[in-house]
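**Student:** Please see the structure below; I have some questions.
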Amino acid sequence: MRIDVVSIFPEYLAALDLSLIGKARQDGVLDVRVHDLRSFTTDRHRTVDDTPYGGGAGMVMKAEPWAQALESVLDGAPAAERRPTLIVPSPAGAVFDQAMAYELAELDHLVFACGRYEGIDERAIDWARGDFDVRPVSLGDYVLNGGEVAVLAMVEAVGRLIPGVVGNPESLVEESHSDGLLEYPVYTKPSSWRGRDIPEVLLSGNHAKIAEWRRLEQFHRTAERRPDLLAGVDTGALTKADLRA
Ligand code: 6GU
């Protein structure tokens, strides 16, 4: 997968050199390129923002540097059957979730446009629809100063779903949100630690019983912490007592 990130703080994206994503880049599974928006300005001050029409606090990112940057990304992209997807991180976007991560992991070319200040001139976004499948995306209902941190989160969530990025694909199956529920609690040695014992069933060697216990724990946790998620899950024969709800 090819990933381009455009930002006025390319250093923020240095974390993409690390860990699983960094390894995937070294292995050639992920081709990640980070671009400095300011290098697409033409004035002496390398201006990327200006005051908002209509008034109000803060600054708005100018359209032209964005058009230049995105055109340069298109020029440098390998010929692809599908249009690249342009993700615009914004608290005003659709909320990113595991289903979206799976969807994006199927694509060959993702481009991230990191806005700062009060956002990007909307005409640049509209213009980009000519060449990109544009998707404004939010991490959740809170405000960050810019899209960079959101891009780190999204690239990690998407990248780890690409074959060859996570060493053991089995670990993608049994994790929070893979089945719409939160993950069950996990334990490792010693079996007794500071007076706390692990649940006995985990020492039973009975795999069916362990699987059943884990499933029930998933429901307990989800009912307690994220009851909103249960609406999308078949709770089947479970009773309210089972859910401890
Ligand atoms: Cl994706 N961007 C910004 N700037 N703020 C956010 C966000 C994204 N998601 C939640 N808050």
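The values are calculated or read from the model by the stated rules, or taken from the named source; none is laboratory data. These figures come from a predicted structure and were not determined experimentally. Note that we place each Cβ from the backbone using ideal geometry, even for glycine, and neighbour counts take in every protein chain shown.
**Student:** Does the stretch 85-101 contain at least one residue that is at negative phi, modelled with pLDDT under 95 and either small (Gly, Ala, Ser) or within 16 Å of the ligand (Cβ to nearest atom) (or both)?
**Tutor:** Within the stretch 85-101, not a single residue is at negative phi, modelled with pLDDT under 95 and either small (Gly, Ala, Ser) or within 16 Å of the ligand (Cβ to nearest atom) (or both).
**Student:** Can I ask one more? Out of the residues in the stretch 200-245 that are at pLDDT below 95 and of a type in the set (Lys, Arg), which is nearest to residue 186 (Cα to Cα)?
**Tutor:** Only one residue tops the list, namely 244.
**Student:** Further question: Which one is surrounded by the fewest Cβ atoms within 10 Å (Cβ to Cβ) among residues in the stretch 136-154 that are within 6 Å of the ligand (Cβ to nearest atom) and among the small types (Gly, Ala, Ser)?
**Tutor:** Filtering the stretch 136-154 for residues that are within 6 Å of the ligand (Cβ to nearest atom) and among the small types (Gly, Ala, Ser), the one surrounded by the fewest Cβ atoms within 10 Å (Cβ to Cβ) comes out as 140.
**Student:** Hand me the list of helices (runs of 4 or more DSSP H) wholly inside the stretch 37-130 holding 2 or more residues that are more than 17 Å from the chain's Cα centre (by Cα) and of a type in the set (Asp, Glu).
**Tutor:** In the stretch 37-130, 63-75, 122-128 are the helices (runs of 4 or more DSSP H) which contain 2 or more residues that are more than 17 Å from the chain's Cα centre (by Cα) and of a type in the set (Asp, Glu).
**Student:** Please work out which residue is nearest to residue 176 (Cα to Cα), limiting yourself to the stretch 190-235 and to residues that are part of a helix (DSSP H, G or I) and among the small types (Gly, Ala, Ser).
**Tutor:** 223
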